[in-house]
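Bear in mind these aren't lab numbers, they're just calculated from the coordinates by the rules spelled out. Keep in mind it's a predicted model, so treat the numbers as computed, not measured. Note: ideal-geometry Cβ built from the backbone for every residue, glycine included; neighbour counts use all protein chains shown.
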Amino acid sequence: MKILGICASPRGSKSQTRRLVQAVLEGAKSAGAEVELVDVCDLEIEYCNGCQVCYKKGVCVHKDDFQGLYDKILLADGLVWGSPNYLRSITAQMKTLVDRMSDAIHCQLLTGKYSCAVATGGSNSDQVTEYLSAILLNFGSFVTGSTGAAMASGPKAFEEAEKKAFQLGKTMAEDVSVKRDYIEQREMLQESREYFQKLVEMHEKDWEHEYEYWNKLNWK
Ligand SMILES: Cc1cc2nc3c(=O)[nH]c(=O)nc-3n(C[C@H](O)[C@H](O)[C@H](O)COP(=O)(O)O)c2cc1C
């Protein structure tokens, strides 16, 4: 079982968000998972230019560090995405990564995976965990949960978040093992699956790769 953590703070080893990603990974490791942490800010990832070549061909026109990370994301059974709160949202580096994955939304490529979101903020981390959880669901994965800390709430609040993060990692690893069914999320995932299938069907002539992808799955 592989669990991949992605931290999007530019502060490297000084990052508090990274500590939460690490705690989730330690929890997952204690439950038997093989874990890896990637600092997305160490990678060179270009902006999506909206050319739609990935919809047509299944590959991106940019030759940079994206594909290597994307391959790891697609191979993982579980994902931990962490970002600090930058102006009520994720960092630009995280946004650049997820923008490059829009083919994965159309094809719901995180289906069958489990995920969780972590964040820190000066005064608010919920804005980020809510956003990350929503997009992880948008990509087709189940969301095991999330945790975060507002640094202004002091070290105790951070310690609590770190403990919760460790537990979250254990739960996510168990989710992967037992293939836990989150019924409410499954219903939402099914609806968005049908939505994206219709969208791709409408673009049959244009988005050949995505049309072919769903065709191979018999539109299920
Ligand atoms: C450019 C920038 C924008 C920020 N915007 C917010 C914000 O809107 N809300 C908030 O609560 N904290 C904000 N912060 C504070 C960071 O989210 C906070 O310090 C966080 O814990 C940093 O995480 P890190 O240690 O993982 O880098 C901002 C910090 C920076 C540098």
For this session: Sort all Cα-Cα distances of the stretch 114-220 into consecutive 10 angstrom bins from zero, then give the percent of pairs in each bin up to the one containing the longest distance.
Result: 14, 32, 27, 17, 8, 1
For this session: At most 16 other Cβ atoms within 10 Å plus a DSSP loop assignment makes a site exposed; report the longest stretch of the chain without any exposed GluC sites (Glu not before Pro).
Result: 47-203
Problem set entry | Highest-fluctuation residue, GLY32, GLY82, GLY154 considered, GNM on the chain with Cα pairs under 10 Å | GLY154
Exercise. Using a basic spin-label model with each label point 7 Å from the Cα along Cα→Cβ, how many nm lie between GLU46 and LYS72?
Worked result: 2.1 nm
Problem set entry | Using a Förster distance of 25 Å, the FRET efficiency for ASP181-ALA134 (Cβ separation, nearest 0.05) | 0.80
Exercise. Relative contact order (percent) for the chain, with alpha-carbon contacts under 8 angstrom and 6 or more residues of separation?
Worked result: 25 percent
Exercise. Order of ARG19, ARG88 from fewest to most other C-beta atoms within 10 Å?
Worked result: ARG88, ARG19
Problem set entry | the chain: translational diffusion in µm²/s, Stokes-Einstein, Kirkwood Rh over Cα pairs, 20 °C, 1.002 mPa s | 121 µm²/s
Exercise. Mean residue ellipticity at 222 nm from the helices of the chain, using -39,500 (n - 2.57) per DSSP H segment of n ≥ 4 over the full residue count, to the nearest 500 deg cm²/dmol?
Worked result: -15500 deg cm²/dmol
Problem set entry | Residue exposure sequence - MET172, MET101, MET94 - by fewest surrounding Cβ within 10 Å | MET101, MET94, MET172
Problem set entry | Cleavage-rule hits, trypsin sites (Lys or Arg not before Pro), the stretch 89-191, DSSP coil, Cβ neighbours within 10 Å at most 12 | LYS179
For this session: Any of LYS113/LYS216; LYS29/LYS220; LYS56/LYS179 with alpha carbons more than 30 Å apart? Name them for me.
Result: LYS29/LYS220; LYS56/LYS179
Seminar exercise, completed: Most exposed first, judged by fewest Cβ atoms within 10 angstrom, THR144, THR171 run THR171, THR144
Seminar exercise, completed: Per GNM of the chain with C-alpha springs under 10 angstrom, the most fluctuating residue out of GLN108, GLN22, GLN52 is GLN52
Exercise. Relative contact order for the stretch 21-123: what is it in percent, counting Cα pairs under 8 Å that are at least 6 residues apart?
Worked result: 31 percent
Seminar exercise, completed: Gyration tensor on Cα atoms of the stretch 1-115, a ≥ b ≥ c root eigenvalues, a/c under 1.5 rounded, else prolate if a/b beats b/c, else oblate, says oblate
